[in-house]
1. Would you check which residues across region B:50-93 are of a type in the set (Val, Ile, Thr) and over 16 Å from the mean Cα position of the chain (by Cα) and list them?
2. Any residue that is in contact (Cβ under 8 Å) with a residue 12 or more places away in the chain, in contact with a Gly (Cβ under 6 Å, 6 or more places away or on another chain) and surrounded by 19 or more Cβ atoms within 10 Å (Cβ to Cβ) - is there at least one of those in region A:102-113?
3. If you take the residues in region B:49-75 that are among the hydrophobic types (A, V, I, L, M, F, W, C) and either more than 14 Å from B:Phe156 (Cα to Cα) or within 14 Å of chain A (Cβ to nearest Cβ) (or both), which one is surrounded by the fewest Cβ atoms within 10 Å (Cβ to Cβ)?
4. Quick one: count up the residues across region B:266-280 that are more than 16 Å from A:Glu106 (Cβ to Cβ) and more than 10 Å from every other protein chain (Cβ to nearest Cβ).
5. Of all residues in region A:204-255, which are among the aliphatic types (A, V, I, L, M) and more than 9 Å from every other protein chain (Cβ to nearest Cβ)?
6. For region A:177-195, check the following and say yes or no: at least one residue is more than 12 Å from the chain's Cα centre (by Cα), under 22 Å from A:Leu117 (Cα atoms) and outside the structural domain of A:Val55 (by TED's automatic domain parsing).
7. Listed residues A:Tyr49, A:Tyr69; which is surrounded by 16 or more Cβ atoms within 10 Å (Cβ to Cβ) and not aliphatic (A, V, I, L, M)?
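The values are calculated or read from the model by the stated rules, or taken from the named source; none is laboratory data. This structure is a prediction, so every number in the text was calculated from the model and none was measured. Glycine gets a Cβ as well: all are built from the backbone with ideal geometry, and neighbour counts include every protein chain shown.
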Amino acid sequence: MDFKKEMRILCSWIAHFGDLLLRLLWHLVHVIISLFYFTLGIANALESYLISWGVLKRYRSLHVNKLRYLAIVVESEEAYETSKIIALLQWLADIGVKHVCLYDMEGILKKSKDFILAKVDGAVLYGETHENNKLLDQTHMTLEFASFCDGKEAVAKAANVLFMKYVKSGATDQNQKGHIFTESQMTEALKTIGSGGPEPDLLLVYGPARCHLGFPAWRIRYTEIVHMGPLKSMKYGSLIKAIHKFTRVQQNYGK
Amino acid sequence: MERNNISTVRSINQKLGNLLWKGVSKVLSVGPVPTHIAFIMNGNRRYEQNLNLVKGTGHRLGLDAMLTMLMHCCELGIKYVTVYAFSIDNYKRKPEEVERVMDLLKFTFELLTEKSSIAHHYNIKFHFSGNLDLLSEPVRNAAEELMAKTANYSKFVFTFCIAYTSTDEMVHAIQEACEERQCEMQELKRNCGDYEAEKKTVKIMDIEKHMYMAVAPDPDIVVRTAGENRLSNFLLWQTANSDLYSTPTLWPEMNFWHLVLAVLDYQRNHSYLKKKKKLL
C-alpha cells in the first residue's frame, strides 16, 4: 500500500515536472520569436530611414496614381494621438494620396474630425466634394471618418431599407422566393443610408496586430491589408515602402 | 537486404518525425490554441508553373496539402477549420480549369465519405458554406452525402467554402432574415394589429444567424499563403478581430511547421485580440 502511494506521489511529481518543462520550452520559443521580430524591427527601421533619405533608388519614383483610395485603421487607444494622425496625413498629402478613410473601432477619430480637418492643409470631408463617384483630379485631399457602427450596423440598416422595399412590393408569394436581393441593390441601400464609401485599394493597419478591427466588411473585398506596427513608431520610409509594394501588386480577382 | 535497411530507416524517421510533431504540439498547447482557423489556399497554380507540372497537378497537390493540414489541426486540437475551396469569382476561369477543379473536389468529397477516411477516424463533421445551387448536380450530391454521413460527428468541424463569397453570404443572410421577419410581421398583424407588426426590424443577430458560417465561431486566425495580403471576399463579416496571417509559402508546400508558425503568431497577439473581442 505504501509502495502504491509512493508511486502515485512519484508520478504526480513527474507530471508536475513535465508540465513545468513544457511551460519553460513554450516561453523559450516565444522569447526566440520575440528576438527575431525585434531584430526584424531594427532592420525595417534602418530600411525605412534609408528610404526616407532617398538612398534606396527603387523607392524614389512612386506611381501613386494607382492608389485611388487609401484606408487607415488605427487602434482606438492610439487614435487619441491626433498629432500623430495629422503628421501621417501630411505625409500622405506630400506623397500625393488624394482620398483617405480613417477608421478606428470606437469612433475616436470621428470625434476629432473637425480638429484634424482644420490642421491638415487642404483637407476636406469626403462627401462635400464627392460627385458621381469621381475620385480623380482632386486638388484637395478628401478625408472620410468611419467606425464600427459603419460596419455591421450599417449593413443591418441597409437590410431594413431592402426589407421595406420588399414589404412594399408585396412579394410574398412563395413562387417569388429565390434571389430577391442582389449585391448591387445592397450597395445602393448602403449609399442610401450614407455608408456607401468606395472600396479602398490599400488598408494600412496601425496597431499591435494585423487585424482590420471591423472595417466595413462590404468595402474590403479585394483590399490589400498591410500591417504597419504601432502608430507611435510610424515612419515615413515604411509608408513609402507599403505604397510602393502595393503599386507592384497584380490581382486576378479570382480569375 | 539493402532495401530492408532503407525501409527500416524510413520507418524510424517517420516515427521520430511523428514523435517530434507530438512534442511540438504539446509545447504549443501550453499557450492558447485557436478554436477556429481559416485558410485561403493560394498558390496552387503558381506551384504548378514553377515546377513545370502537368495542368491540374497543382490543385491536386493542394488538396493533398489541405487534408494533411486538416489532420495536423485535429492533432493540435483546433476544433473548427475552414478553407476557401472555390470562390464564385473563380467561375471566371477557363471552363476546363473549373471542370478540373470541380472533378477533383467531387473526388475528394467521395473519398472523405468512405468509412476509412479521416472524417471517421477524427470524428469530423463536414459542412459546406456557399451558394451550392451554383454547383453541378454530381458535385452538389457528393457534398450533401458527405454532410449527411458526418452529421453526427461533433469533435471537429471542417467547413468547405465552395461557390462562396462573403458579399453573397451577406446578401443571402439578409434575404433569409427579411423572409423570417416578413412571416413574423404577418403573424403579429393577425394577432396584434399593424402597429405592433411595423415595429419589427432586421437586426445584426438576425443576419448573423442566417450566415452560411453560423456553424462556427468567428475565426481566430486567417492564414493566406503565397504572400498575398488580401481577403478576396472571404469571411469579411467574421474577421473583425481575427489575426490575419500571411506567409510566402505556396499552399501545396504548407506543412506542420508552417501551421506551428501561424499558431505562434496567434499566441503572440492573443491577449490583444481577446481584449478587442470583448469590446464587441
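1. Quick first cut of region B:50-93, residues of a type in the set (Val, Ile, Thr) only: B:54, B:57, B:68, B:78, B:81-83, B:88.
Within region B:50-93, B:Val54, B:Thr57 meet the criteria.
2. So far as region A:102-113 goes, yes, one or more of its residues are in contact (Cβ under 8 Å) with a residue 12 or more places away in the chain, in contact with a Gly (Cβ under 6 Å, 6 or more places away or on another chain) and surrounded by 19 or more Cβ atoms within 10 Å (Cβ to Cβ).
3. Step one: of region B:49-75, the residues among the hydrophobic types (A, V, I, L, M, F, W, C) are B:51, B:53-54, B:61, B:63, B:65-67, B:69-71, B:73-74.
From what's left, either more than 14 Å from B:Phe156 (Cα to Cα) or within 14 Å of chain A (Cβ to nearest Cβ) (or both): B:51, B:53-54, B:61, B:63, B:65-66.
Working: B:Leu51: 12, B:Leu53: 14, B:Val54: 8, B:Leu61: 19, B:Leu63: 22, B:Ala65: 23, B:Met66: 21.
Among them, the one singled out is B:Val54.
4. 1
5. Taking region A:204-255 first, the residues among the aliphatic types (A, V, I, L, M) are A:204-205, A:209, A:213, A:217, A:220, A:225-226, A:228, A:231, A:234, A:239-240, A:242-243, A:249.
Passing the criteria: A:Leu204, A:Met228, A:Leu231, A:Met234, A:Leu239, A:Ile240, A:Ala242, A:Ile243.
6. yes
7. Result: A:Tyr69 is the single residue among A:Tyr49, A:Tyr69 that is surrounded by 16 or more Cβ atoms within 10 Å (Cβ to Cβ) and not aliphatic (A, V, I, L, M).
Here is a yes/no grid of residues against (1) more than 7 Å from chain A (Cβ to nearest Cβ); (2) at pLDDT below 95; (3) farther than 30 Å from B:Cys74 by Cα:
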{"position": "B:Thr159", "(1), (2), (3)": "yes, no, no"}
{"position": "B:Lys189", "(1), (2), (3)": "yes, yes, yes"}
{"position": "B:Val202", "(1), (2), (3)": "no, yes, yes"}
{"position": "B:Glu208", "(1), (2), (3)": "yes, no, no"}
{"position": "B:Pro219", "(1), (2), (3)": "yes, no, no"}
{"position": "B:Trp237", "(1), (2), (3)": "no, no, no"}
{"position": "B:Thr249", "(1), (2), (3)": "yes, no, no"}
